[in-house]
Structures are given as structure tokens and as C-alpha cells.
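The values are calculated or read from the model by the stated rules, or taken from the named source; none is laboratory data. All values derive from a computational prediction rather than experimental measurement. Cβ sites come from the backbone with ideal geometry, for glycine too, and all protein chains shown count toward neighbours. Quick note on the areas: whole protein, heavy atoms, side chains included, nothing else; ligands and nucleic acids left out. Shrake-Rupley method; radii C 1.70, N 1.55, O 1.52, S 1.80 Å.
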Amino acid sequence: MIAFIRLQREMTMKSSSLFLGRLINSWKYQFGIFRSIADWTIMVYLIVPGAVIFGMIYRSWWLETPEWIANLPMFLLFFLLYIFSWLGNFRPFTQEADKVFLVKNKSLYLGLRKWGFGYSLFFQAVSTGTMIALLLPFLKNSYFLQWSQIIALLTFFITLKWAIMAVSYYLKGIEGKFRRYVIGFVLFVLLSWFSQLVYSLWNFGADFPVYMISAVLLSGTLTRVSQMQKRISAADFEIMLEQEEKTKYIKWIFMMAPEIEKPAISMRTRPILFRNSRRIFKKRTPIKGLIELFIKIFIRNPSYIFSYFQIISVSAAGIIAIPPLWIKVIVSGIFLFLMYSWLSITWDKSIMSHPFTKKYSDKDFYFTARNRTVIALFFLAILILGLIVSVLTIILARFSIPGA
């Protein structure tokens, strides 16, 4: 009833007032999420000191160029900005009840979406500008770029980001996850080749062609956005899109919290791997049966795979990025302890959660299967970590980056 009264009141507003109200409510919602993980102790002891320290580090970048950026190719920063351009989506600011009530007032509904799309473009342009500002000390003091080159770079990546936002809008509407991923990968590669061409022009000092390309991207994006804004039939899709954007920070919190179980949600009737549930081991024993069960659970659950490689990647980054050898040893020790503990907990959580397998928890073959599986995945993680560290060390040494 309260929601109905609110909607009736909103239908009498102007589209700008309705958008502003929903934008403020969205900010309050996101601030509530932030406060749920950052109480006053975290603010005082982590966030505020971290912001101060980062400000001092950023100031030091202006005063003296750090050694690690000295031999880093400009193309890597350009590619980093290209990767960053794929982050961000349109927010129509529509809600579930809009397709019943607000859609009847076509001018108000279209006006709300117009303001939402405009805000999305502005917000993503500001985020790109912020990214360029963070890299500005390196662009000026290490690569000695002129302001005209920096402005051309900023203009291109703003328009590229807007164009990718329009592409992502249609990508999200493609049915079939596999097809959507394949098309997205192809577009990512094609646009990366296009960006390399622009980089070549920009690197040779040809700013005018870069501005012309940016103008073409801007024209095409605004044309597509205008067509998107006039569509009313996409109400359900845009409500889903808005809900995803609204809750993405909650998903990130859950993803980074190892103590929270992230269930794998899939619309498939059969899994991609082991869809016929064939046996992995030809010879059937109680030990191999439990091992096979855990392997299938582990591979079919994306959250397990993500956590497994997350521990490996974070450890590899720590070993590579931190110069002192004794700290590398400590990070390696933490990795060994954390990985073995996580694998043991994951086994217990997967196997012990079902009453059929839980009844075997006091059997000798249960502990044998558990130890063999955990140790096998443990040594596999060590092998992957060693491979990643070796490859990154060779790459960084190729560019003569100190500490590699």
C-alpha cells in the first residue's frame, strides 16, 4: 500500500524530480551498504589513514617519479585504460512497479529513463577522468606528454567507454550465457585492435584523427542511446539491469567474504561438465567414490573455482610486488597455510552437508579420500602459483622493472 501511494505521488512529478528522488535513494542505499562493512573503527583505523597515505603517495609521484614506472611502456597504461573502459553500464533507474503504473504515463517514463541514461554517461565520463587524473603524474613526468595529447587521450577513452556501454547494453540482452560470452570476447578483441590503431595514431602525435574517431564514436553512441531511450518494450530487461547495478556492491562483498557461502545459481537443466555424470575412475572403491563426488562438486561450483584461483592470484601478486625476500617467504607461508585450510574446509562443507555422505565421516576410507583430494589440489595450487610467478617474473624482467 505504501509503495502504491509512493508511485501515485511519483506519477504527478516531473521526470527530473522523479529521477532526482530515485538517485538520492540510490545513494542512500549504497551508503547503507558501505556503513554495513565500515563502522567507525574501520573508518578511523583503516579508511581515513589509507586515504591520507594514498594522498601522500600521490603527492610523491608528482615530486619524484617512482622507479617501477621508469621502463614501463606507455602502451601498458593505454591497455589498462582500455580494460577500464569495459567497466560501467547504463542505469535506467526503473523499478518493478513501473511496468504496471509508471509506464502508463509515457512521457514521465521516457523522461525518467532519459535522465538515467544521461546520468550514466556523465558518471562514467567522470570515472574515466578520475582514472586519467590518477595517472597524470606518470603521463607528465615519466612519459613527458603535452596537455594536448592528454586531452586527446581523455576524449577518446570517454567516447570509447560510452560506445562500450551501448554495446554492453545489447550484450546483456542476448539469451544464452555461452553465446553472450563468445560474442563479448570477439567484440573485446576487435575493439582492442581498433584501440591499438588509435594508439598508433596518438603516439605519432596525430591528435586530429583521434578527435575525428572520437566524434564518430560519440555520434554512433548517441544515436544508439536515442533508440534505446525510446523503447518501452524493454521494461523487464531494464528492471533486471537496474537491480544488478544496484546490488553489485553487495555481490562484491559476498564474493570477497570467504565465510559466506556463494551458491551456484544456474538455469541449466544439465551442467556443462560431467553432464552425463559418467565415472571418472573405472575401478570403483569407497575412496575413489568420495574423491569423484568432491571433484564434480568442486568443478561445477563457480564460487569454489573463483575462491581457489583468488587465493593463488592474490598470493602471486604479493610475491611479485613486495621486494624484500623475507616478506616473499612470509607471503608464501601464508599461502600454503591458507590454501590447505580452505581446501579442508571446502571438503567438509561439501561432503558433510549431505546426510548420505555424512554417515561415512567416521570411516577410515573417508579420511583417506579427504587427505588424498586435499593434498592433490594443494600441490596443484602450488604448481599453478609457481607457474604464474615464473611467467610474471620473466615478463617484468623483460621490461627491466625493479623488484622483478
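Details
- The calculated FRET efficiency for the pair residue 75 and residue 29, based on their C-beta separation and a Förster distance of 60 Å, comes to about 0.95.
- Between residue 314 and residue 284, the contour length at 0.36 nm per residue exceeds the Cα-Cα span by 7.0 nm.
- For region 108-147, the extents of the C-alpha atoms along the principal axes are 50, 15, 7 Å, listed from largest to smallest.
- Residue 397/residue 64 FRET efficiency (R0 30 Å; Cβ-Cβ; nearest 0.05): 0.80
- Dimensions (Å) - region 171-241, Cα atoms, principal axes, largest first: 47, 29, 12
- Radius of gyration, Dmax [region 31-104; alpha carbons; angstrom]: 20.9, 61
- Ranked by solvent-accessible area (1.4 Å probe, protein heavy atoms only, all chains present), the residues 342, 40 order from largest to smallest as 40, 342.
- Heavy-atom surface of region 120-187, accessible at 1.4 Å and reported per residue (Å²): 48 Å²
- Unsatisfied cross-links (Cα-Cα over 26 Å) in the set 14/104; 28/230; 104/177; 328/349; 177/282: 28/230; 104/177; 328/349; 177/282
- Signed unit charges on C-beta, dipole axis of region 70-168, positive-most listed residue 103, 88, 134: 103
- From phi via Karplus (6.51, -1.76, 1.60), per-residue ³J(HN,Hα) for region 209-217 in Hz, x at Gly/Pro: x, 5, 5, 5, 5, 5, 5, 5, 4
- Calculated on the alpha-carbon coordinates, the convex hull of region 140-202 measures out at 88 cubic angstrom per residue.
- Dipole magnitude (debye, nearest 20) for region 39-155, charges at Cβ of Lys, Arg, Asp, Glu: 640 debye
- Heavy atoms of residue 181 accessible to a 1.4 Å probe, total area in Å² rounded to 10: 140 Å²
- Calculated from backbone phi, Karplus (6.51, -1.76, 1.60) coupling profile of region 109-124 in Hz, x at Gly/Pro: 5, 5, x, 4, 5, 5, 5, x, 5, x, 5, 4, 5, 5, 5, 5
- Relative frequency of Cα-Cα separations exceeding 19 Å in region 83-227, percent: 60 percent
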